[in-house]
1. Select from the stretch 260-276 the residues that are away from ligand 2 (no atom under 16 Å from the Cβ) and either open to solvent by 20 Å² or more (accessible area, probe 1.4 Å) or farther than 21 Å from GLU228 by Cβ (or both) and list them in ascending order.
2. Please tell me if LEU330 is touching a helix residue (DSSP H, G or I) at 6+ places or on another chain (Cβ under 7 Å), open to solvent by 30 Å² or more (accessible area, probe 1.4 Å), under 30 Å from ARG144 (Cα atoms) and more than 11 Å from ligand 1 (Cβ to nearest atom).
3. One residue is enough: does the stretch 192-209 have a residue meeting the conditions under 22 Å from GLY269 (Cα atoms) and either touching a residue at least 60 places away in the same chain (Cβ under 8 Å) or within 16 Å of ligand 1 (Cβ to nearest atom) (or both)?
4. State which residue is farthest from VAL246 (Cα to Cα) when the search covers only the stretch 137-159 and only residues that are within 16 Å of ligand 2 (Cβ to nearest atom) and crowded, with 21+ Cβ neighbours inside 10 Å.
5. Only residues that are without any contact (Cβ under 8 Å) to a residue 40 or more places away in the chain, more than 23 Å from THR275 (Cβ to Cβ) and open to solvent by 10 Å² or more (accessible area, probe 1.4 Å): list them for the stretch 228-259, please.
6. For the list (1) out of contact with any Leu (no Cβ under 7 Å at 6 or more places or on another chain); (2) within 13 Å of ligand 1 (Cβ to nearest atom), I need the number of the one condition that GLY142 fails.
7. Among the helices (runs of 4 or more DSSP H) lying completely within the stretch 362-445, list those that include at least 2 residues that are surrounded by fewer than 14 Cβ atoms within 10 Å (Cβ to Cβ).
8. Kindly state which helices (runs of 4 or more DSSP H) lie completely within the stretch 250-331 and contain at least 1 residues that are at pLDDT below 90.
Amino acid sequence: MGRLWERTLAELQLVVPRQEFTAWISCLRTAGDADETLTVEAPSAFHRSWVQRHFLERIRTTVTSVAGHPVPVVLAVGAHAAVEPGGRASEDALAPTSPAPIRIRAPKPGEGHREPTFANFVVGACNRLAHAAARAVAAAPGRRYNPLCIYGGVGLGKTHLIHAIAGDLRTRFRGARVLAIGAELFVNEMVSAVRRQQMETFHHRFRRIDTLLVDDVQFIAGKERTQEEFLHTFNLLCAAGKQIVVSSDKPPRDISNLEAGLRSRFEGGLMTEVTPPDVATRRLILEHKAAEAGLTLPPDVAAYLAERIRAASVRELEGAITRIGAIASLTGRTVDRALAEEVVVPLRASQQLHGAADRIESVVAAALGLDVRTLRSPRRDAPVVLARQLAMYLLRKVSGLSFALIGERYGRDHTTVLHAVRVVSARRDRDPEVGRLVSALEEKL
Ligand code: ADP
Ligand code: MG
């Protein structure tokens, strides 16, 4: 069970934002365990209820996918949990109604999480321009490249660069008002300012900034009032010679429902793309991340990993290093090719899943006359639900992958997949039309 939890932690680290992971998850511990239940202990009652509300579902699905079968998870308050310095776990446990002040445990040196800076950003062909532009902006904000727009897929370093610029500016220009904010938070703050009729304060706050960095700006598309507000702020700041940086998961022209004024603003600045790393950059990143984690990666292992993990995201490379580090430290094994192979196998399962799923989804969508994208959308109308259930059923039959892994593809848990498989099997036997459809689909695959 201890290993199961360690491996779960390694997975969670990949999906939970850094600060939240450090604050809430890294100090959870397993107590010696009974039967098939995983008991996880939090240092205080307050901590426990927070984790329960915000992370329990995610912990459950992760445990299940790591174990390969459902494992009940129980959250407890306990003495095993790492207590924050100065925290008093047992007293908190006795007084569940009076939440303890939240103390964030400072990470120990070498304990994974470091601030994203320019120094720990690995430069390669995939991000050279974006990096150079980011450095130029940090050196002379509001001069050239205003606004700077960094776009590209998930996990390619956009947020990292945003924070690197912000951090650099704060040290370089003491007293400068630098705000790095996710677009989602910008939206939420605005909505709540509107609700509380505090737009004045909101305006004031955003318009006295020297450098405004907005991450994942695609998020404001389609939200009319927010876009208007943002454009207004944008224009005022630009006119005052202030620097603006935005990141987006796609080029502005491809963001649907992005207000034309904003689009042309973004396009009027410098647009740089970050793309997935090539094999040479993957190797550099792996070596860099290993060094940060205090791991020695022999050259053949680095080369093997860089070749095998054809990651579309730097996060997967980080994940491989985290897993290698966890296995090495838990088992005392040396980091060698054999260990690296063990780490790459689960990644292959996920690549296999997505490869098979792409194929199956397009066949199913074509047969039912649906747009393939609706299968992975939250839509719940009958034809879409049926299509999704068919895809899950076929995916399970064709790939034999676990329910949990298949569920992840659709943002649902293993019970949904299990249900889908049962429903389709039953309908296939009962309803000749569905029977013919499923057979025809199987034919095609
Ligand atoms: P994005 O915002 O583009 O989705 P992030 O900036 O969150 O991606 O990057 C995902 C993870 O990969 C982060 O932990 C980040 O520090 C790391 N990362 C991305 N690119 C690099 C790089 N070039 N060098 C070092 N770490 C990187
Ligand atoms: Mg990001």
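1. ALA260, GLY261, ARG263, SER264, ARG265, GLU267, GLY268, GLY269, LEU270, MET271 - these are the residues of the stretch 260-276 that are away from ligand 2 (no atom under 16 Å from the Cβ) and either open to solvent by 20 Å² or more (accessible area, probe 1.4 Å) or farther than 21 Å from GLU228 by Cβ (or both).
2. no
3. No, that holds for no residue.
4. The extreme case among them is LEU156.
5. Passing the criteria: GLU228, GLU229, LEU231, HIS232, ASN235, LEU236, ALA239, ALA240, ASN257, GLU259.
6. Failed condition: (2).
7. Answer list for the stretch 362-445: 382-399, 414-430, 432-444.
8. Once the helices (runs of 4 or more DSSP H) in the stretch 250-331 are filtered for at least 1 residues that are at pLDDT below 90, what remains is 299-308, 314-331.
The values are calculated or read from the model by the stated rules, or taken from the named source; none is laboratory data. These numbers come from a predicted model, not from an experiment. Here Cβ is always computed from backbone atoms with ideal geometry, including for glycine, and neighbour counts include all displayed protein chains. Please note that ligands, DNA and RNA were not included when accessible areas were found on the heavy atoms of the full protein model with its side chains. Shrake-Rupley method; radii C 1.70, N 1.55, O 1.52, S 1.80 Å.
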